[in-house]
Amino acid sequence: MNLFEEAIMSAFKLSAGEKFPAMSVAKFGGGELQLGKPAEGCDWQMVIVYRGKHCPLCTHYLKELNPLLAAYNELGVDVVAVSSDTEERAKEQLALVEPEFAVGFGLTVEQMKALGLYISTPRPQESDSVFAEPGLFIINGDGNLQVVDISNTPFTRPNLESIINGIRFIRNPDNNYPIRGTFTE
């Protein structure tokens with residue numbers, strides 16, 4: 001096998017239109033957070049994977065969500081965020097964010113791989129364990145991936161207001177907008 005074939009075989013990513021691999025993580029504040037299963041009152045879910053406490057860009061991004069949460073919920077979209085941080089590390093970061101949405105912690109390496117995320121080895125000032133790079137998944141009412149966005153860096157993330165406008169367009173039945181990126185030969 002050549003390097004190209006090896007890279008293709010080892011590069012797993014979730015495909016648009018496929019079932020989201022439902023999983024649960026510990027929920028900040030107690031209980032479990034179900035990824036891929038919208039909260040009551042919503043039929044879609046947006047899962048934001050963030051790097052963790054060591055990332056100031058993550059803190060800023062999560063803070064941007066609070067004032068937009070009502071717009072997501074009006075569109076029937078439950079919004080959750082998750083990282084691989086421990087509960088203590090999550091607590092420190094969430095004190096700055098003051099999230100109005102559910103947040104999970106303790107995402108495992110196996111779960112990161114199942115989501116097709118990039119995984120980084122930390123520098124000493126970041127964390128004491130590997131962590132997931134950013135990902136954003138929007139799961140539709142059928143449990144399928146409507147939108148998939150993963151990055152290998154903290155500074156390339158979708159604009160949260162643009163996502164609202166996109167969901168509004170997709171969910172408008174007059175637009176008959178399909179899941180994009182599903183072409184296969």
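The values are calculated or read from the model by the stated rules, or taken from the named source; none is laboratory data. Bear in mind that the values here come from a model prediction, so they are computed numbers and not experimental data. Cβ atoms come from the backbone with ideal geometry, glycine included; neighbour counts cover every protein chain shown.
What the table shows:
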item: Listing of helices (runs of 4 or more DSSP H) fully contained in segment 9-116 that carry 3 or more residues being farther than 25 Å from residue 142 by Cβ and under 13 Å from the mean Cα position of the chain (by Cα); result: 56-65
item: Yes/no for residue 170 being under 18 Å from the mean Cα position of the chain (by Cα) and modelled with pLDDT of 95 or more; result: no
item: Meets criteria (surrounded by 12 or more Cβ atoms within 10 Å (Cβ to Cβ) and either without any contact (Cβ under 8 Å) to a residue 24 or more places away in the chain or within 18 Å of residue 21 (Cβ to Cβ) (or both)) for residue 153; result: yes
item: Matching residues, segment 120-135, being surrounded by 16 or more Cβ atoms within 10 Å (Cβ to Cβ), among the polar types (S, T, N, Q) and assigned to a loop (DSSP other than H, G, I, E, B); result: 127
item: Meets criteria (farther than 18 Å from residue 14 by Cα and either surrounded by 14 or more Cβ atoms within 10 Å (Cβ to Cβ) or out of contact with any Gly (no Cβ under 6 Å at 6 or more places or on another chain) (or both)) for residue 102; result: yes
item: Every residue from segment 43-95 that is under 28 Å from residue 19 (Cα atoms) and either free of Cβ contacts under 8 Å to residues at least 12 places away in the same chain or touching a His at 6+ places or on another chain (Cβ under 7 Å) (or both); result: 70, 74
item: Lone qualifier among 163, 138, 170 - being β-branched (Val, Ile, Thr), in a strand (DSSP E or B) and surrounded by 17 or more Cβ atoms within 10 Å (Cβ to Cβ); result: 138
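One line per residue, one yes/no per condition, for (1) at pLDDT below 95; (2) under 25 Å from residue 125 (Cα atoms); (3) surrounded by fewer than 18 Cβ atoms within 10 Å (Cβ to Cβ):
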| position | (1), (2), (3) |
| --- | --- |
| 15 | yes, no, yes |
| 39 | yes, no, yes |
| 60 | no, yes, yes |
| 71 | no, no, yes |
| 76 | no, no, yes |
